[in-house]
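These notes concern the structure reproduced below.
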Amino acid sequence: MITIILPYKNRDEQRLNNCLYTLSHQTVLPKIILIDYGSDLEFQKILKKVASEYFCSIHRVSQEKWKKTHANNIGLKKVSTKYVLFSDVDMIYKPNFIEEALKSLEEKTIITCRCSYLSKNETYGLTMPIDWKTYKPVIDQVSGETAVGACLAMSTEWAKSIGGFDEGYLGWGREDYDMLCRAKSAKLHQIRIEEKTSFYHQWHLPSDWKKDKETIIANARYFDEVTIKKQTIVRNLQGWGLE
């Protein structure tokens, strides 16, 4: 069994519904934990409404500044299944996505999948259910080798043993590739599953984080220091996923 962790903050109803609909129509159903990381009241109501339709659990955290590593770690603390998948509420998933991830999961593997980004028109034109046999979406771009944040699946025990995601990262950015590098340093074998399945990122306006050059630089420097130079695997020695 596998649990998927989806951090959430102020996402619109249609995009959230598309994500949860495709997860609820998998050939193998995952448990779903949504971490509401400081959403405004309007979006809290949206999350509660949509999540109840798909029997997802919600855990709310009162935070003003977005920090994806902390949100992921709060979710990780609540996982009781053998495996965990960290992903994104902006995604839609082909029906065999969870099944293919589970086929390759072992104690010493980490699963990734290349992500395709839908165009704006493609995203706004989405309706459920999708006919996956004929679906050929308009793609804006495809993720690079280091962009693995929307799909990182691994042993729950291993993820907890290393202190989860490194909470030294600000906002988001580099923390996902950091986790992959730590897994490889720990001799976990990376398996990519894009040849067997697919998932797509729904279009949205760029986040404010993209405009925050200081945070981007700070995360890059931090990554170089702890991941490239020191190559430390276990992080957050003062505690992780704390509320």
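The values are calculated or read from the model by the stated rules, or taken from the named source; none is laboratory data. All figures in this text were calculated on a predicted structure; none of them were measured in a lab. Counting neighbours? That spans all protein chains shown, and the Cβs are built from the backbone with ideal geometry, glycine included. To get the accessible areas, we keep the full protein, side chains included, count just its heavy atoms, and leave off ligands, DNA and RNA. Shrake-Rupley method; radii C 1.70, N 1.55, O 1.52, S 1.80 Å.
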Unmet requirement for Ala220, which otherwise passes all of (1) at pLDDT below 95; (2) more than 27 Å from Gly163 (Cα to Cα): (2)
Residue list for segment 73-95, filter: more than 17 Å from Leu188 (Cα to Cα), in a loop (DSSP other than H, G, I, E, B) and open to solvent by 30 Å² or more (accessible area, probe 1.4 Å): Lys78, Ser80, Asp88, Lys94, Pro95
Could you list all residues from segment 112-130 that are more than 13 Å from Lys94 (Cα to Cα), assigned to a loop (DSSP other than H, G, I, E, B) and among the β-branched types (Val, Ile, Thr)? Thr127
Being free of Cβ contacts under 8 Å to residues at least 60 places away in the same chain and not in a loop (DSSP other than H, G, I, E, B) is the filter here, so list the residues in segment 140-152 that pass it. Gln141, Val142
Assuming Val148 fulfils every condition listed in (1) surrounded by fewer than 16 Cβ atoms within 10 Å (Cβ to Cβ); (2) in contact with a Leu (Cβ under 6 Å, 6 or more places away or on another chain) apart from one, which condition is it? (1)
Could you list, in sequence order, the residues of segment 33-47 that are open to solvent by 20 Å² or more (accessible area, probe 1.4 Å) and either acidic (Asp, Glu) or within 19 Å of Tyr200 (Cα to Cα) (or both)? Asp40, Glu42
Glu214 versus (1) outside any loop (DSSP other than H, G, I, E, B); (2) touching a residue at least 12 places away in the same chain (Cβ under 8 Å): which is the lone unmet condition? (2)
